[in-house]
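Report on the following structure.
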Amino acid sequence: MLETLLNDVQTAAVLCNQFGDSGKGKVIHALAPWADVIARGTGGNNAGHTLILNGQEMVFHLIPSGIVYDHEGKINIMGNGMVIDLEELCKELDQLDTRKISYNNLMISQDAHVIMPYHISQDQQKNQSLAQGGIGSTGKGIGPCYTDKIARRGIMIGDLYDVDRLVKKIKKAELFYPEQKIDDGAIDDFIQKIKPLAARIKPFVRDTIQEMHQFYNQGKKILLEGAQGLLLSIEYGTYPYVTSSDCSLNGTAAGVGLSARAVDLPLGLVKFPFMTRVGGGPFPTELGGRDQEEYCQQPGRTLESELQLYEISSIREFNLESNQVRYDRRHPAILRMMNDSDPCTKAVGIRLAANEFGATTGRPRRIGWVDAVAARYAAGINGPYFVLTKVDCVADTGHFNVCYGYNTNGTISPLFSRDSEALRGVSPEYKQYEGYSDLRDLTSYDKFPQSVRKAITEFEWFTKGKVVMLSTGPKDNQIIVKEA
């Protein structure tokens, strides 16, 4: 069925039509065998794409998820639109070495920008806090690095191999980061730290825009790997509670040197029938509203702390292959919470049932019902094709809801707004559907419960979109093509 979906497609893109964290890693892993080239074009190690490889969970923050197919000759590209932390990139290469996964065909754009230590320091001091309406940055230096790029004072990968030019550019930073004390001694320390990291990645540095144009003109099959989500895009998201890059179809394509018009099949992922958000910002369908937002912002909130709070036993596995917390996601206490009348308690139940904790930050993700208003807006930018993910995770709930409108002082609107304050003031207009049981063993769409199919049909009608795939579990074979 995947072959039918991808028939006559040269370039496909896997994007998120929500606030990120929608399961892009798994879908990319499923489509990668079809592709010759897998390329990522936005963001940095503020993203985390998770996939299951040989029964083990693996998280990539920088390198495209398709790297696990390097041994088949597939090319993985880190594009010009990315910002790269050299130390974190080398840690990912170490992880690949440990797992004996080759990366001979990795390409790193000479035009991607470099996250410097002063970017990280400033981000952690000024942007990471969620207190007093803060945006809740990951503290990875992403925003300051993109700021320097836009201000035309950024350091690119290609600059690393000209020490005089690199020193000159770092000296410019002294004017804009006075609190970081970037004196001659600090610059020498930066250079000494960068040298071995730059040397390690040098064999992979390319003019990837020219390479991509060549691949495209040769008719190579190209898979674009999106990062974050459309509602977090600097161009289209809930500004200012957004990331620092344009993670739409437009930005993702531009970030690897292509036009969005070159993408034949843009796939917009939507968690269904619940959705999530990490960090601050408006979330119209959030269960518990401000109470849950504040709960998730509390320091020390992690998966393990939440399991302890609700007395659910767990085991942490830690070895070269794994560092995961194992627990029973169908634990009776979790199922009870999923069906609790209190919305905040229900949110905790869904979060634990779906293991909704940040792959990069470890923070608990805020939980809400799926927002069809936002999905229709996203489809207008990313295209009409939807992939529904995590459909299996809320099995055994008595009911689920889908939001089809925003109520503002008695006036109901089907239109999404980027205005964060306006979104804070709306109430979701829900339609309720009957709950369902476990979906993980289903092999075709026509075997789905009637209530799920009804909800999907009405979601398609409202969004003017088309659901083409559904994910029913974490394994590669737990994916169903609805229609091509």
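Which condition number in (1) more than 17 Å from the chain's Cα centre (by Cα); (2) surrounded by 24 or more Cβ atoms within 10 Å (Cβ to Cβ); (3) part of a helix (DSSP H, G or I) is the one that ASN76 fails?
(3)
Condition test on THR4, is it more than 30 Å from ARG351 (Cβ to Cβ), at pLDDT below 90 and either out of contact with any helix residue (DSSP H, G or I) (no Cβ under 9 Å at 6 or more places or on another chain) or of a type outside the set (A, V, I, L, M, F, W, C) (or both)?
yes
GLY289 is checked against (1) closer than 30 Å to ILE412 by Cβ; (2) out of contact with any Gly (no Cβ under 8 Å at 6 or more places or on another chain); (3) crowded, with 24+ Cβ neighbours inside 10 Å and fails just one. What number does that condition carry?
All conditions pass for GLY289, except number (3).
Given the structure, is ILE52 more than 14 Å from GLU92 (Cβ to Cβ), surrounded by 24 or more Cβ atoms within 10 Å (Cβ to Cβ) and not polar (S, T, N, Q)?
No, not satisfied.
Taking ALA379, is it in contact with a helix residue (DSSP H, G or I) (Cβ under 9 Å, 6 or more places away or on another chain), buried (at least 20 other Cβ atoms within 10 Å of the Cβ) and in contact (Cβ under 8 Å) with a residue 40 or more places away in the chain?
Yes, satisfied.
Residues in region 171-190: is at least one loosely packed, with under 12 Cβ neighbours inside 10 Å and under 31 Å from the mean Cα position of the chain (by Cα)?
No.
Scan region 398-422 residue by residue and report those that are in contact with a strand residue (DSSP E or B) (Cβ under 9 Å, 6 or more places away or on another chain) and among the hydroxyl-bearing types (Ser, Thr, Tyr).
TYR404, TYR406, THR408, SER413, SER417
All but one of (1) part of a helix (DSSP H, G or I); (2) over 17 Å from HIS29 (Cα atoms) hold for LEU96, so report the exception by its number.
LEU96 satisfies all of (1) part of a helix (DSSP H, G or I); (2) over 17 Å from HIS29 (Cα atoms) except (2).
Of the residues in region 14-58, how many are of a type in the set (Gly, Ala, Ser) and touching a Ser or Thr at 6+ places or on another chain (Cβ under 6 Å)?
So the count comes out to 6.
Does SER65 satisfy being in contact (Cβ under 8 Å) with a residue 12 or more places away in the chain, in contact with a Lys or Arg (Cβ under 7 Å, 6 or more places away or on another chain) and among the hydroxyl-bearing types (Ser, Thr, Tyr)?
No; evaluated as a whole, the condition is false for this residue.
So, in region 433-481, exactly how many residues are in a loop (DSSP other than H, G, I, E, B) and either not β-branched (Val, Ile, Thr) or not assigned by TED's automatic domain parsing to the domain that holds GLU356 (or both)?
Count: 19.
Quick one: how many residues across region 387-403 are small (Gly, Ala, Ser) and either under 17 Å from ILE456 (Cα atoms) or crowded, with 17+ Cβ neighbours inside 10 Å (or both)?
1
Among the residues of region 245-255, are any more than 16 Å from the chain's Cα centre (by Cα), of a type outside the set (Asp, Glu) and outside any helix (DSSP H, G or I)?
The answer is no, given that none of the residues of region 245-255 is more than 16 Å from the chain's Cα centre (by Cα), of a type outside the set (Asp, Glu) and outside any helix (DSSP H, G or I).
Just for strands (runs of 3 or more DSSP E) wholly inside region 336-432: which have at least 2 residues that are assigned by TED's automatic domain parsing to the domain that holds ALA455 and not hydroxyl-bearing (Ser, Thr, Tyr)?
366-371, 385-389, 399-408
Check GLU304 against each of (1) over 21 Å from the mean Cα position of the chain (by Cα); (2) modelled with pLDDT of 90 or more; (3) of a type in the set (D, E, K, R) and name the one condition it does not meet.
Of the numbered conditions (1) over 21 Å from the mean Cα position of the chain (by Cα); (2) modelled with pLDDT of 90 or more; (3) of a type in the set (D, E, K, R), the odd one out for GLU304 is (2).
Would region 265-281 turn up any residue that is modelled with pLDDT under 95 and in contact with a helix residue (DSSP H, G or I) (Cβ under 7 Å, 6 or more places away or on another chain)?
Scanning region 265-281, I find at least one residue that is modelled with pLDDT under 95 and in contact with a helix residue (DSSP H, G or I) (Cβ under 7 Å, 6 or more places away or on another chain), so the answer is yes.
Which residues, counting only those in region 155-209, are among the polar types (S, T, N, Q) and free of Cβ contacts under 8 Å to residues at least 40 places away in the same chain?
GLN192
Considering each of ILE312, ILE334 in turn, give the residue that is crowded, with 16+ Cβ neighbours inside 10 Å, at pLDDT 90 or above, within 23 Å of PHE272 (Cβ to Cβ) and among the β-branched types (Val, Ile, Thr).
Exactly one residue qualifies, and that residue is ILE334.
Pairs please, first residue from region 455-470 and more than 10 Å from ALA375 (Cα to Cα), second anywhere and at pLDDT below 95 and assigned to a strand (DSSP E or B), Cβ atoms under 7 Å, 6+ apart in sequence or on different chains.
Listed pairs, sorted by first residue: VAL468/VAL481; MET469/ILE479; MET469/ILE480; MET469/VAL481; LEU470/ILE480.
Any residue in region 404-425 that's loosely packed, with under 13 Cβ neighbours inside 10 Å: show its pairings with residues that are of a type outside the set (Gly, Ala, Ser) and part of a helix (DSSP H, G or I) at Cβ separation under 9 Å, as long as the two are six or more apart or on different chains.
So the pair list comes out as LEU415/VAL373; LEU415/ARG376; LEU415/TYR377.
Out of everything in region 435-447 that is closer than 14 Å to PHE272 by Cα and more than 26 Å from the chain's Cα centre (by Cα), what residue ends up being surrounded by the most Cβ atoms within 10 Å (Cβ to Cβ)?
The extreme case among them is TYR436.
State which residue is modelled with the highest pLDDT when the search covers only region 100-141 and only residues that are out of contact with any helix residue (DSSP H, G or I) (no Cβ under 9 Å at 6 or more places or on another chain) and not in a loop (DSSP other than H, G, I, E, B).
Looking at residues that are out of contact with any helix residue (DSSP H, G or I) (no Cβ under 9 Å at 6 or more places or on another chain) and not in a loop (DSSP other than H, G, I, E, B), I get GLN124.
The values are calculated or read from the model by the stated rules, or taken from the named source; none is laboratory data. The shown structure was predicted, so the numbers you read here are calculated from the model rather than taken from an experiment. No Cβ is skipped: glycine too gets one built from the backbone with ideal geometry, and neighbour counts run over all protein chains shown.
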